[in-house]
Amino acid sequence: MDKKNDNSFFAMLSRMKYIERWALMRNSLRENVSEHSLETAVVAHALAIIGNCRLGMDYDIEYIALLAMYHDCTEIITGDMPTPVKYYNTEIKDAYKEIEVNAAKNLLSRLPEDMALEYEKYLLPKEDASVMKLIKAADKISALIKCIEEEKTGNREFNHAKESTFKAIRELECKEAEIFCEEFVPEYEKTLDELNRE
């Protein structure tokens with residue numbers, strides 16, 4: 001395939017909706033990578049705002065939201081690897097990271113060169129520890145929300161995942177995530193009637 005004439009980037013991105021998450025667990029409500037990516041972007045945007053408004057940070061809020069929106073787009077090529085496998089040991093983790101970088105380069109090659117330069121900052125971001133911590137926290141909070149939603153349907157399959165996800169968020173030591181979890185996460189436990197209280 002002649003990559004110079006390949007403008008398939010957006011058509012490939014649209015396939016995120018076909019990649020299901022939580023493949024090893026029984027789901028009451030299916031979730032795909034596209035849905036997860038939007039939720040992660042919304043949460044990351046909120047975390048950045050919390051950081052700026054309450055903690056004196058100077059985050060580029062829009063950049064963080066977009067970085068989160070694209071954080072799993074390489075799964076179009078790699079698929080969604082279960083966390084226990086991805087982080088089983090250092091060798092697997094490093095090998096998967098290299099696969100993700102190659103997948104990102106593959107996606108970028110599907111854009112005209114001038115546009116690829118713009119998208120590179122989202123698909124191959126420079127490692128900024130504070131920013132990447134926010135993205136990781138938002139990703140974990142999205143997983144926590146999924147666990148809460150499953151529990152609300154009576155699905156006990158996600159009970160342990162909820163506990164371990166809460167623990168993983170705490171271990172990140174991300175003040176923005178702690179604030180979000182304390183102030184906003186309890187609302188996810190409520191029914192629509194409770195959310196619409198007068």
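Data table
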quantity: Positive-end extreme of charge dipole, segment 16-162 - chosen from 64, 111, 141 (charges on Cβ); calculated: 141
quantity: Gain upon complete extension [residue 153, residue 97; 0.36 nm per residue less C-alpha separation]; calculated: 16.7 nm
quantity: Sequence-distant residues sharing a close amide H with residue 32 (under 5 Å, placed H); calculated: 21
quantity: Expected-Rg normalisation [2.2 N^0.38 Å, Cα atoms] applied to segment 129-198; calculated: 1.17
quantity: For peptides 128-136, 43-51, sequence by mean Cβ density within 10 Å, most packed first; calculated: 43-51, 128-136
quantity: Loop-resident sites, segment 59-168, for GluC sites (Glu not before Pro), counting at most 15 other Cβ within 10 Å (DSSP); calculated: 127
quantity: Kirkwood Rh and Cα Rg combined as Rg/Rh, segment 18-70; calculated: 1.15
quantity: Highest-first arrangement of 30-42, 10-22, where packing means the average Cβ count within 10 Å; calculated: 30-42, 10-22
quantity: Of all accessible heavy-atom area on segment 44-146, the percent that carbon and sulfur account for (1.4 Å); calculated: 55
quantity: Three semi-axes of the equivalent ellipsoid, the chain, Cα gyration tensor, whole Å, largest first; calculated: 29, 21, 17
quantity: 222 nm mean residue ellipticity, helices alone, for the chain (DSSP H n ≥ 4; -39,500 (n - 2.57); rounded to 500); calculated: -19000 deg cm²/dmol
quantity: Qualifying chymotrypsin sites (Phe, Trp or Tyr not before Pro) for segment 147-198 [loop in DSSP, other Cβ within 10 Å: at most 16]; calculated: 184
quantity: Loop-located trypsin sites (Lys or Arg not before Pro) in segment 144-198, at most 16 other Cβ atoms within 10 Å (DSSP); calculated: 190, 197
quantity: Whole-Hz couplings from phi, Karplus 6.51/-1.76/1.60, listed for segment 15-22; x for Gly and Pro; calculated: 7, 4, 5, 8, 9, 7, 9, 6
quantity: Heavy-atom accessible area per residue - the chain, 1.4 Å, Å²; calculated: 60
quantity: Of 93/133; 162/190; 133/167; 97/175; 105/167, pairs whose Cα-Cα distance is over 24 Å; calculated: 97/175; 105/167
quantity: Extension gain from residue 195 to residue 183, taking 0.36 nm per residue of separation minus the Cα-Cα distance; calculated: 2.9 nm
quantity: Modelled FRET efficiency - R0 41 Å, residue 30 with residue 58, Cβ distances, 0.05 increments; calculated: 0.60
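The values are calculated or read from the model by the stated rules, or taken from the named source; none is laboratory data. Being a predicted model, the structure only gives us computed values, none of them experimental. Cβ atoms come from the backbone with ideal geometry, glycine included; neighbour counts cover every protein chain shown. Ligands, DNA and RNA are stripped out before the accessible areas are found, and what is left, the full protein with its side chains, is counted by its heavy atoms. Shrake-Rupley method; radii C 1.70, N 1.55, O 1.52, S 1.80 Å.
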